[in-house]
Each structure stands twice: as structure tokens, then as C-alpha cells.
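Report on one structure; see the data block that follows.
The values are calculated or read from the model by the stated rules, or taken from the named source; none is laboratory data. Because the structure is predicted, anything quoted here is derived from the model rather than measured. In this analysis, Cβ positions are derived from the backbone assuming ideal geometry, glycine residues included, and neighbour counts consider all displayed protein chains. We work out accessible area using only protein heavy atoms, side chains counted, and drop any ligands, DNA or RNA first. Shrake-Rupley method; radii C 1.70, N 1.55, O 1.52, S 1.80 Å.
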Amino acid sequence: MNSPTAAMATSSASCWHLLCERHDLIPFSGVAAWLETSEGPAQVAIFYLPGRKQELYAIDNHDPLSGANVMARGIIGDLDGQPVIASPLYKQHYRLEDGQCLEEVAIKVRTWNVAFDGGSVLIYK
């Protein structure tokens with residue numbers, strides 16, 4: 001993962017962008033945010049897991065199996081030592097690290113690098 005400070009100092013098409021503030025996040029839960037991407041607008045589900053080696057994760061808020069933007073409302077869990085989110089509608093599990101659906105190997109949601117920079121939450125796009 002690129003560091004936010006190093007990436008913000010460079011000028012390239014992809015770099016770190018302010019997404020929200022730390023106080024907007026809910027520990028051990030998800031929040032949804034709007035993100036403009038090169039592919040068009042997207043909803044991102046951000047999960048804050050304080051106390052873990054990696055505390056922040058960002059995946060698509062869109063559940064590909066239900067077609068609804070609900071992933072930020074999913075239930076956070078741990079399967080085989082990996083943090084996952086259970087979709088709130090059909091309960092498939094998605095690894096937060098890479099977006100892979102554990103029950104449907106052909107299904108994967110997008111992920112983004114996210115990081116704290118003081119009180120700000122940055123996303124790499």
C-alpha cells in the first residue's frame with residue numbers, strides 16, 4: 001500500500017483523496033460514502049476495526065448478489081483469522097482485504113486502500 005503522505009506529494013492520476021473524517025466512522029461497524037471514480041460514481045462501504053493491525057477497509061457498498069447498496073449495514077465477523085462482512089440480505093461473506101465472496105468464488109467486490117491521516121480518512125483512487 002502506498003503511504004498517504006508520499007502519494008499526496010506526487011502528481012499522478014491516482015492519488016490519495018479525502019473521503020471523510022475519523023469521527024464520521026463507527027467502530028466495528030460500516031458507513032457508506034460517495035466516491036467519484038474513473039468508472040463513474042460509486043458507493044463505498046468503510047469499516048473501522050480499531051485494535052487490529054489493519055484498522056480500515058473499504059469495499060463496494062453494492063451487494064452484487066442482491067443488487068442493493070447495503071454492504072455498509074453488514075455484520076462484521078472473522079473467518080479463519082480474516083475479517084469479513086456478511087451481506088445483510090443473503091448473508092454471503094466477503095473478505096474485507098480483497099472483496100472475495102467466500103461462498104461464490106466467481107463473485108468479488110471492489111476494494112480500495114484507505115488510511116488515516118491524523119483525523120482524516122483518505123482513500124486511494
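Numbers at a glance
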| read-out | value |
| --- | --- |
| Within the accessible area of the chain (1.4 Å probe), percent carbon and sulfur | 51 |
| Segment 45-97 - Rg (one decimal) and Dmax (whole number), Cα, Å | 10.6, 32 |
| Per principal axis, descending, Cα span of the chain in whole Å | 41, 33, 23 |
| Computed magnitude of the charge dipole of the chain (debye, nearest 20; Cβ of K, R +1, Cβ of D, E -1) | 80 |
| Considering only the chain, percent of DSSP beta bridges that pair antiparallel, nearest 5 | 95 |
| Backbone HN-Hα couplings from phi across segment 92-102 [Karplus 6.51/-1.76/1.60, Hz, Gly and Pro as x] | 5, 9, 10, 5, 5, 5, 10, x, 5, 6, 7 |
| Normalised alpha carbon radius of gyration of segment 77-123 [divisor 2.2 N^0.38 Å] | 1.32 |
